[in-house]
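The values are calculated or read from the model by the stated rules, or taken from the named source; none is laboratory data. Since we're looking at a predicted model, the values are computed, not measured. Cβ coordinates were reconstructed from backbone atoms using ideal geometry, including for glycine residues, and neighbour counts include every protein chain displayed.
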Ligand SMILES: Cc1cc2nc3c(=O)[nH]c(=O)nc-3n(C[C@H](O)[C@H](O)[C@H](O)COP(=O)(O)OP(=O)(O)OC[C@H]3O[C@@H](n4cnc5c(N)ncnc54)[C@H](O)[C@@H]3O)c2cc1C
């Protein structure tokens, strides 16, 4: 295990921000992680696939990349497969492995960038499904106590793009592996977005997890900017949840406002719509911009600094607050 000095993180984050790590090392198991910390002290940043963070400065400390691999069945009963995956496994490849083996439940989460280890961090979700629905447990290394702790779903306090690891336990644990409970009898989720239309377009007659996954891959590829082509971290902001009363008053002033009612009677507004109404869609300042097709996605056209992207996000937050009285919260982790 080599600790390198002054490493550019440009290829380690999908925004393509050229920040430096004072020290950088990858680890493949918990023993390597332990000796890295024993010899170099606490990490300043734990990296997965770098697809949900914005580096606003050089990291004057140790950056560690989780490269723990392996996908293994751990248990099986009449209804479910229980599968453990190393935190360093690529998420989409894990999904493809499940689909190939007819393990259902993650097909709607196809093509989300990043690694397995970060998937519970923000309870990744797309097309009507969140990881909490298939989550079984995870093992995480406590950096202070140097112990491995197992978390059940209840322990993780999952919410919309939220978990205990983003709040109370922020920067305290390194997730080592995640176990999933996957269905033997698939339950299809096709009502969200354009899944049904895409399945029709594909000429699918009999639904399968394979066809749903392919439909989602098609939709995502046509809608979302590919980080390999243009730097981004997907949705930069969360969709804000507002009380029904505020939604009603906004509806009076902005009849086209996009939102949907939640079970708790609050309304989740489309952050993309709010941003677009403030005129940001397609905006560009230097190399930092707001994507021309997806207002929710901030982009780096090449050489933007993290600070420039952050400053743009701040301008967006302020203009949305001024116009609608709604405060946008960032989904991307600001480092
Ligand atoms: C084009 C695009 C589309 C996207 N679409 C979606 C989407 O549909 N739904 C969605 O939910 N997300 C989406 N995202 C966001 C992103 O893919 C997910 O949040 C993903 O889970 C991040 O994984 P990562 O490995 O890249 O995490 P990173 O960006 O490396 O890390 C994210 C955070 O988790 C921490 N972390 C990472 N690994 C560990 C670990 N093993 N232990 C402890 N802490 C860790 C990091 O320190 C950081 O704070 C999208 C991103 C892009 C670029």
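Any residue in region 295-316 that is more than 16 Å from the ligand (Cβ to nearest atom), surrounded by fewer than 20 Cβ atoms within 10 Å (Cβ to Cβ) and closer than 30 Å to residue 245 by Cα?
Within region 295-316, one or more residues are more than 16 Å from the ligand (Cβ to nearest atom), surrounded by fewer than 20 Cβ atoms within 10 Å (Cβ to Cβ) and closer than 30 Å to residue 245 by Cα.
Any chance you could count how many residues in region 113-136 are within 15 Å of the ligand (Cβ to nearest atom), free of Cβ contacts under 8 Å to residues at least 60 places away in the same chain and at negative phi? Break it down into steps so the answer makes sense when it comes.
If we filter region 113-136 for residues that are within 15 Å of the ligand (Cβ to nearest atom), which is where we start, we get 113-135.
Then keep just the ones that are free of Cβ contacts under 8 Å to residues at least 60 places away in the same chain; that gives 119-120, 123-125, 130-135.
Still in the list and also at negative phi: 119-120, 124-125, 130-135.
Within region 113-136, residues that are within 15 Å of the ligand (Cβ to nearest atom), free of Cβ contacts under 8 Å to residues at least 60 places away in the same chain and at negative phi number 10.
Kindly indicate which of 250, 328 is in a helix (DSSP H, G or I) and touching a residue at least 60 places away in the same chain (Cβ under 8 Å). If you could, list the steps in order and put the result at the bottom.
On the way: 328 fails: in a helix (DSSP H, G or I).
After applying the criteria, what remains is 250.
Answer with yes or no whether residue 269 is modelled with pLDDT of 95 or more, touching a strand residue (DSSP E or B) at 6+ places or on another chain (Cβ under 6 Å), within 28 Å of residue 13 (Cα to Cα) and more than 16 Å from the ligand (Cβ to nearest atom).
no
Checking the structure you have, find out if any residue of region 80-92 is touching a residue at least 12 places away in the same chain (Cβ under 8 Å), buried (at least 24 other Cβ atoms within 10 Å of the Cβ) and over 21 Å from residue 140 (Cα atoms).
Within region 80-92, none of the residues are touching a residue at least 12 places away in the same chain (Cβ under 8 Å), buried (at least 24 other Cβ atoms within 10 Å of the Cβ) and over 21 Å from residue 140 (Cα atoms).
Taking into account only those residues within region 219-242 that are in contact (Cβ under 8 Å) with a residue 24 or more places away in the chain and in a loop (DSSP other than H, G, I, E, B), which is nearest to residue 329 (Cα to Cα)? Reasoning before the result, please.
To start, the set of residues in region 219-242 that are in contact (Cβ under 8 Å) with a residue 24 or more places away in the chain comprises 219-221, 223-225, 227, 230-242.
From what is left, the residues that are in a loop (DSSP other than H, G, I, E, B) are 224-225, 227, 230, 236, 238-240.
Values: 224: 20, 225: 21, 227: 22, 230: 23, 236: 9, 238: 6, 239: 8, 240: 7 Å.
Only one residue fits best here, namely 238.
Applying the selection to region 94-111, what residues are buried (at least 24 other Cβ atoms within 10 Å of the Cβ), within 13 Å of the ligand (Cβ to nearest atom) and within 19 Å of residue 177 (Cβ to Cβ)?
Within region 94-111, 95, 106, 109 meet the criteria.
Can you pull out the strands (runs of 3 or more DSSP E) entirely within region 4-68 that have at least 1 residues that are away from the ligand (no atom under 13 Å from the Cβ) and either within 14 Å of residue 335 (Cα to Cα) or modelled with pLDDT of 95 or more (or both)? Outline the logic, then answer.
Details: elements: 4-8, 20-27, 43-47, 59-66.
Correct list: 4-8, 20-27, 59-66.
When only residues in region 197-218 that are within 16 Å of the ligand (Cβ to nearest atom) and in contact (Cβ under 8 Å) with a residue 60 or more places away in the chain count, which is surrounded by the fewest Cβ atoms within 10 Å (Cβ to Cβ)?
Taking region 197-218 first, the residues within 16 Å of the ligand (Cβ to nearest atom) are 198, 212-213, 215-218.
From the residues that got through so far, the ones that are in contact (Cβ under 8 Å) with a residue 60 or more places away in the chain too are 212-213, 216-217.
Values: 212: 24, 213: 21, 216: 26, 217: 17.
Among residues in region 197-218 that are within 16 Å of the ligand (Cβ to nearest atom) and in contact (Cβ under 8 Å) with a residue 60 or more places away in the chain, the one surrounded by the fewest Cβ atoms within 10 Å (Cβ to Cβ) is 217.
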